[in-house]
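Written out below as structure tokens is the structure these notes cover.
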Amino acid sequence: MVNIIWGSTKKPVSSQQLAEFFQNNPQYDGHLFIGYPIIGTPEGPYPIDAIWLSKESGLLLFNLVEGKNLENYEQAQDDSFNTLEAKLRNHKNLMRGRKLQIPPSVITFAPAIPAKEESLEDEYPICNAQSLHAFIDELPAFDNQNIFEAVLAVIQSISTIRKGKRKRETSSTTSRGAILKNLEDSVANLDNLQGSAVIETVQGVQRIRGLAGSGKTIVLALKAAYLHAQHPEWKIAVTFNTRSLKGQFKRLINTFVIEHTNEEPDWDNLQIINAWGGPGGAQRNGMYYSFCQSHGIEFLDYQTAKNKYGRNKEFEGACEKALKDVTTFKPLYDVVLIDEAQDFSPAFLRLCYEYLTNDKRLVYAYDELQSLSEKSLPSPEEIFGKNPDNSPRVRFEDPVPGKPKQDIILEKCYRNSRPVLTTAHALGFGIYRKPDAKTGTGLIQMFDQSHLWKDVGYEVKEGRLEDGHNVRLARTEFSSPAFLEDHSEINDLVQFIKFETVQEQASWLANSIQQNLIHDELNHDDIIVINPDPLTTRNDVSPARKLLFEKNINSHLAGVDTAQDVFFEGDEDSVVFTGIYRAKGNEAGMVYIINAQDCYYSFGSLARMRNMLFTAITRSKAWVRVLGVGPQMQSLIEEFNAVKDNKFELNFRYPTDAERANLNIVNRDMTTETKGKVKQVQVNVATLLDDIDKGKIFLDDLPEDQLERLRALFKKDN
């Protein structure tokens, strides 16, 4: 069956009939791209009407005709054929001598012409929906299926991604560097869902969901480039939370736009901007700052917003205030694409929505599990509110064959292997943590919607995925491709290591990095060292960086030794050290996590610290080393051993609604002020109980109304 991917097209009727032809003929296979690709030429971008790539029939290029006017159709065939052939010839792996290994065929598809005007035998064939069968069946058999994936990569423009990276030189076929090169080459193409997410754009809101490593950032970059090539006059904004993502977005988008148009992007119309922003020119611009400037309302910087709304409510409060302060919205953008939407409140998504022109083309991508919050992002109906007649402003309809999808779930994880990803989830949720006395379970947090586990690639191996029932979840072969783990022994993919002192940890880390660079043939930017707690990172990474300096190995602290938007040091040979927030959105072959003991337990911030550990582990494309000191690290190792003993599967009892609510209360993230109050109350209660127990105070000494309130609270709790 043919996978149909809908791009933007100015020929909707003929496009629809071409799509219906393939939908009604499941004997054909491959990929049908409509309105894609756009090919850069010396004269500018050249849009292809439609292209079909099949393992049996090769490459077929369609020129579409909406009505019955066939004027200059021969010239149109020549232009599209020559443009596509020139693009393919730029890739040596598609050539054999002077000949293309996959020469394209071309035909004009004009469904409105009568049968008598068909011409399949001519040099410039014409067909309608009835005669297309005969033309396809007469195509010469395509007998070079080995280059099918390479051709698909060229059509999708994915073959250009690696050109922006430094060439990897290896002398050993078994070194870590060679393994990493093979892994990168294996992820050569977009899968069907990624391709749909790139090319298919709805008139309205579109949502893209997937795990860390499922390709969301690349999909959004490709989508922005494609829309810019199709509509260079549109104002398009790409926004995100992690500042270090800016450089990655700019590199990807620049590469893709040149591929599509043969020109640099118009950065005035295609803007890559942070979510918050502030005064200081284009480099510091942000969606929220721009919104405030455009509407002439008060802009709140971080400190002002923190003082006004409290910690972790700064941006949410600022966005909600901005929305309330505006009486008449002034649209600026034709399209807004949001990455890392799980890090934003609905208020920011609404702000972006109100900043759009009438078609409201908003695309937001997020990771259902990366935030590991007790609740997933609300439904679009909740986020965007209601019309005056009480109907939702945004509603996702059920998918219709042949139509762009509003809601796309990227099931495959192309970054983390099955053992790495399952380990991250097990520790993040506390699946194998020792039971807590207050909750009776080791679980730290859990989702209200159990089906999310299936949506992102887990299957039920035993039990039932329902409240109050035991369940065993495992990654599927489809969602976690085997090649991500087959390159190394499982015990080499993930290691947890305990040290007696911080200095011992630093020494082991420096020696390991030296081994990676000299013997393992890894590049400096193949390595990330993450300290989970961003507040202590500058001091905590100093011992290891000092030892590396003594070994003549350069390192830098992202956002401190570099500009805030820079993560890797470009062409410089330097190992990056970072706190967890700057690490988000980035990846490397070898990831070292230091001081992981801090993530085992932390009063008033246990869920947040486990989220940090989860996010740090999922930065890895191949190997993870989780390092820590002391007894809490030993407890973390015991959890990891339980993951291994369960064959990297998640075996637990799914908590009920009431139990989940209790988890959210017990493990909620507290402010420093709240932690102080709770600890003081704990001391006071302990003193009171001790005094009552010793007879220093009697219950009758306490006011009756306070006793009644205590009795009521205990009764409610029970």
Exercise. What residue, of Ile179, Ile236, is under 17 Å from Pro481 (Cβ atoms) and modelled with pLDDT of 90 or more?
Worked result: Ile179
Exercise. When segment 604-661 is examined, which residues are found to be aromatic (Phe, Trp, Tyr) and in contact with a Ser or Thr (Cβ under 9 Å, 6 or more places away or on another chain)?
Worked result: Trp623, Phe640, Phe648, Phe652, Tyr654
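Counting only residues that are among the small types (Gly, Ala, Ser), outside any loop (DSSP other than H, G, I, E, B) and more than 26 Å from Ser574 (Cβ to Cβ), how many does segment 477-522 have? Can you show your working first?
Start the filter on segment 477-522 by keeping residues that are among the small types (Gly, Ala, Ser), which leaves 479-480, 482, 488, 506-507, 510, 512.
Pick out the ones that are also outside any loop (DSSP other than H, G, I, E, B) and you get 482, 506-507, 510, 512.
Subset that is more than 26 Å from Ser574 (Cβ to Cβ): 482.
So the count comes out to 1.
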Exercise. Which condition number in (1) under 23 Å from Asn63 (Cα atoms); (2) over 29 Å from the mean Cα position of the chain (by Cα); (3) modelled with pLDDT under 90 is the one that Val154 fails?
Worked result: (2)
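Quick grid of which residues meet (1) of a type in the set (D, E, K, R); (2) in a strand (DSSP E or B); (3) within 25 Å of His231 (Cβ to Cβ); (4) in contact (Cβ under 8 Å) with a residue 40 or more places away in the chain:
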residue: Glu56; (1), (2), (3), (4): yes, no, no, yes
residue: Leu59; (1), (2), (3), (4): no, yes, no, yes
residue: Phe62; (1), (2), (3), (4): no, yes, yes, yes
residue: Asp78; (1), (2), (3), (4): yes, no, no, no
residue: Leu84; (1), (2), (3), (4): no, no, yes, yes
residue: Lys87; (1), (2), (3), (4): yes, no, yes, yes
residue: Asn93; (1), (2), (3), (4): no, no, no, yes
residue: Ala112; (1), (2), (3), (4): no, no, no, yes
residue: Ala129; (1), (2), (3), (4): no, no, no, yes
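Within segment 405-418, identify whether any single residue is free of Cβ contacts under 8 Å to residues at least 60 places away in the same chain and assigned to a loop (DSSP other than H, G, I, E, B), and answer yes or no. Write out each step before concluding.
So in segment 405-418, the residues free of Cβ contacts under 8 Å to residues at least 60 places away in the same chain come out as none.
No: zero hits.
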Problem set entry | Single residue of Glu20, Glu66, Glu74 found to be part of a helix (DSSP H, G or I) and over 34 Å from the mean Cα position of the chain (by Cα) | Glu74
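Rundown of residues vs (1) surrounded by 22 or more Cβ atoms within 10 Å (Cβ to Cβ); (2) at pLDDT 95 or above; (3) of a type outside the set (Ser, Thr, Tyr), yes/no style:
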{"site": "Val336", "(1), (2), (3)": "yes, yes, yes"}
{"site": "Ser345", "(1), (2), (3)": "no, no, no"}
{"site": "Leu351", "(1), (2), (3)": "yes, yes, yes"}
{"site": "Asn358", "(1), (2), (3)": "no, no, yes"}
{"site": "Leu369", "(1), (2), (3)": "yes, no, yes"}
{"site": "Glu374", "(1), (2), (3)": "no, no, yes"}
{"site": "Gly385", "(1), (2), (3)": "no, no, yes"}
For this session: Kindly indicate whether any position in segment 568-585 is crowded, with 22+ Cβ neighbours inside 10 Å, over 26 Å from Arg176 (Cβ atoms), outside the structural domain of Gln248 (by TED's automatic domain parsing) and of a type in the set (D, E, K, R).
Result: no
For this session: State which residue is farthest from Glu263 (Cα to Cα) when the search covers only segment 1-45 and only residues that are surrounded by 22 or more Cβ atoms within 10 Å (Cβ to Cβ) and among the hydroxyl-bearing types (Ser, Thr, Tyr).
Result: Ser14
Exercise. Does Val494 fit the bill of being out of contact with any Leu (no Cβ under 7 Å at 6 or more places or on another chain), among the aliphatic types (A, V, I, L, M) and within 24 Å of Asn641 (Cβ to Cβ)?
Worked result: yes
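Condition check ((1) hydroxyl-bearing (Ser, Thr, Tyr); (2) loosely packed, with under 15 Cβ neighbours inside 10 Å; (3) in the same structural domain as Ile617 (by TED's automatic domain parsing)) across all residues:
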residue: Tyr458; (1), (2), (3): yes, no, yes
residue: Glu466; (1), (2), (3): no, yes, yes
residue: Leu473; (1), (2), (3): no, no, yes
residue: Asn491; (1), (2), (3): no, yes, yes
residue: Lys498; (1), (2), (3): no, no, yes
Exercise. What helices (runs of 4 or more DSSP H) completely inside segment 217-331 contain at least 3 residues that are more than 21 Å from Arg350 (Cα to Cα)?
Worked result: 245-261, 302-309
For this session: Kindly provide the set of residues from segment 391-418 that are of a type in the set (Ser, Thr, Tyr) and at pLDDT 90 or above, ordered by number.
Result: Ser391, Ser417
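Could you say whether any residue in segment 623-631 is surrounded by fewer than 19 Cβ atoms within 10 Å (Cβ to Cβ), more than 22 Å from Gly579 (Cβ to Cβ) and assigned by TED's automatic domain parsing to the domain that holds Ile513? Even if it seems obvious, please write down each step before you answer.
Taking segment 623-631 and keeping what is surrounded by fewer than 19 Cβ atoms within 10 Å (Cβ to Cβ), we get 630-631.
Of the ones still in play, those that are also more than 22 Å from Gly579 (Cβ to Cβ) are 631.
Keeping just the survivors that are assigned by TED's automatic domain parsing to the domain that holds Ile513 gives 631.
Yes.
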For this session: Spot the failing condition for Phe329; the list is (1) surrounded by fewer than 22 Cβ atoms within 10 Å (Cβ to Cβ); (2) modelled with pLDDT under 95, and only one is missed.
Result: (2)
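Kindly indicate whether Lys461 is in contact (Cβ under 8 Å) with a residue 12 or more places away in the chain and in a loop (DSSP other than H, G, I, E, B).
Values: in contact (Cβ under 8 Å) with a residue 12 or more places away in the chain: yes; in a loop (DSSP other than H, G, I, E, B): no.
Criteria not met by Lys461.
Can you pull out every residue in segment 269-324 that is of a type in the set (A, V, I, L, M, F, W, C), within 24 Å of the chain's Cα centre (by Cα) and under 18 Å from Gln564 (Cα atoms)?
Taking segment 269-324 as the starting set, the residues that turn out to be of a type in the set (A, V, I, L, M, F, W, C) are 270, 272-273, 275-276, 282, 287, 291-292, 297, 299-300, 305, 315, 318-319, 322-323.
Narrowing further to those that are within 24 Å of the chain's Cα centre (by Cα): 270, 272-273, 275-276, 287, 315, 319.
Of everything in segment 269-324, those that are of a type in the set (A, V, I, L, M, F, W, C), within 24 Å of the chain's Cα centre (by Cα) and under 18 Å from Gln564 (Cα atoms) turn out to be Ile272, Ile273, Ala275, Trp276, Met287.
Looking only at segment 434-456, filter to residues that are under 15 Å from Arg209 (Cα atoms) and out of contact with any Ser or Thr (no Cβ under 7 Å at 6 or more places or on another chain); which one of those is surrounded by the most Cβ atoms within 10 Å (Cβ to Cβ)? It would help to see each step written out before you state the result.
So in segment 434-456, the residues under 15 Å from Arg209 (Cα atoms) come out as 449, 451-456.
Those left that are additionally out of contact with any Ser or Thr (no Cβ under 7 Å at 6 or more places or on another chain): 451, 453-456.
Numbers: His451: 8, Trp453: 20, Lys454: 16, Asp455: 16, Val456: 22.
Looking at residues that are under 15 Å from Arg209 (Cα atoms) and out of contact with any Ser or Thr (no Cβ under 7 Å at 6 or more places or on another chain), I get Val456.
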For this session: Would you confirm whether any residue within segment 662-670 is surrounded by fewer than 13 Cβ atoms within 10 Å (Cβ to Cβ), under 29 Å from Ser450 (Cα atoms) and either modelled with pLDDT of 60 or more or more than 37 Å from the chain's Cα centre (by Cα) (or both)?
Result: yes
Problem set entry | Residue that is assigned to a helix (DSSP H, G or I) and modelled with pLDDT of 95 or more, where the choices are Lys644, Lys675, Lys679 | Lys644
Exercise. Which condition breaks for Asp540 when tested against (1) closer than 25 Å to Phe640 by Cα; (2) touching a Phe, Trp or Tyr at 6+ places or on another chain (Cβ under 6 Å); (3) buried (at least 20 other Cβ atoms within 10 Å of the Cβ)?
Worked result: (2)
Seminar exercise, completed: If we take segment 542-611, then strands (runs of 3 or more DSSP E) inside it with 1 or more residues that are free of Cβ contacts under 8 Å to residues at least 40 places away in the same chain are 555-557
Seminar exercise, completed: If you go through Thr41, Thr83, the only one that is modelled with pLDDT under 90 and hydroxyl-bearing (Ser, Thr, Tyr) is Thr41
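The values are calculated or read from the model by the stated rules, or taken from the named source; none is laboratory data. For clarity, every value in this text was computed on a predicted model and none was experimentally measured. Cβ sites come from the backbone with ideal geometry, for glycine too, and all protein chains shown count toward neighbours.
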